[in-house]
Amino acid sequence: MMKYEEIYQKLKQKYTDEEIAESMLIPADLTPEEEKQMAEEMKAIRFQRLKEVSEKDRILADVMRLRFQMEHYVERDAFSFNKTFGKYLEEYIRILNKARKDFAEDLSIHYTKLSRIINDKEEPNIELAYRLEKHSGNLIDAKLWWKLIIKKQEFIISQDEETREEEQKKVSNALRA
């Protein structure tokens with residue numbers, strides 16, 4: 001691997017020092033002690049910036065993080081009972097730092113219904129997805145909430161051979177392929 005000086009000399013053949021300085025981030029050769037000191041300084045800066053973040057900004061950032069997690073899950077991951085609509089809804093409520101009762105009032109649904117949905121005892125409807133879209137300030141749209149429900153249903157359909165067989169027995173005059 002080339003040393004930084006060698007890299008610099010190659011770049012200097014094509015660019016002026018000013019161009020190199022403006023377009024490149026050239027890391028410094030630091031001793032382990034200097035690296036540790038720099039890491040501590042960066043940590044202190046990060047903590048200071050976190051203290052300066054408003055509650056509203058923190059909530060917006062966490063809602064966006066949740067949205068990205070949801071998108072990643074519905075697009076790439078296999079179904080998991082740890083990542084259901086209810087689990088993501090519970091995380092959304094936690095981010096808002098609201099009591100479930102207050103949140104249920106925000107959405108105009110009964111508290112026990114909300115609780116049953118969070119605990120995966122009841123399936124949400126499309127109207128709830130629309131309400132959550134509005135409640136999140138359109139940061140998490142209804143389609144994304146709905147995709148969580150569909151992902152669970154697809155998994156159930158793929159695994160439930162018993163119900164499939166029972167329901168298929170009720171069919172007469174089926175097409176023959």
Problem set entry | Alpha carbon convex hull of the chain, projected area averaged over orientations, nm² | 21.0 nm²
For this session: Work out how much length residue 170 to residue 50 would gain on full extension: take 0.36 nm times their residue separation and subtract the Cα-Cα distance, in nm to one decimal.
Result: 37.1 nm
For this session: Express the Stokes-Einstein translational diffusion coefficient of region 55-159 in µm² s⁻¹, to the nearest whole number, given a Kirkwood radius over alpha-carbon pairs, 10 °C and a viscosity of 1.306 mPa s.
Result: 114 µm²/s
For this session: Note down the net charge around residue 86, summing +1 for each Lys or Arg and -1 for each Asp or Glu among other residues with Cβ under 14 Å from its Cβ.
Result: +4
Exercise. What spacing in nm lies between the two simple spin-label points modelled at residue 61 and residue 134, each 7 Å away from Cα in the Cβ direction?
Worked result: 3.0 nm
Problem set entry | Over 18 Å between alpha carbons, listed pairs 98/151; 3/36; 51/98; 83/151; 121/152 | 98/151; 3/36; 51/98
For this session: Report the full-extension gain for the segment residue 35 to residue 122: residue separation times 0.36 nm, less the Cα-Cα distance, to one decimal in nm.
Result: 26.0 nm
Exercise. What ranking, highest mean first, results for peptides 164-176, 109-121, 82-94 when packing means the other Cβ atoms within 10 Å averaged over each residue?
Worked result: 82-94, 109-121, 164-176
Problem set entry | For region 140-177 versus region 16-80, the gap between their alpha-carbon centres in whole angstrom | 42 Å
Exercise. Does anyone have the angle between helix 85-96 and the longest principal axis of the chain? Alpha-carbon axes, 0 to 90°, nearest 10?
Worked result: 50 degrees
Problem set entry | Approximate spin-label separation residue 17-residue 141, in nm, with each point projected 7 Å along Cα-to-Cβ | 5.2 nm
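Read the figures in this text as sums done on the coordinates, not as results from a lab. Nothing here was measured: the structure is a model prediction, and the numbers come from that model. Here the Cβ is made from the backbone with ideal geometry for all residues, glycine too, and neighbour counts use every protein chain on show.
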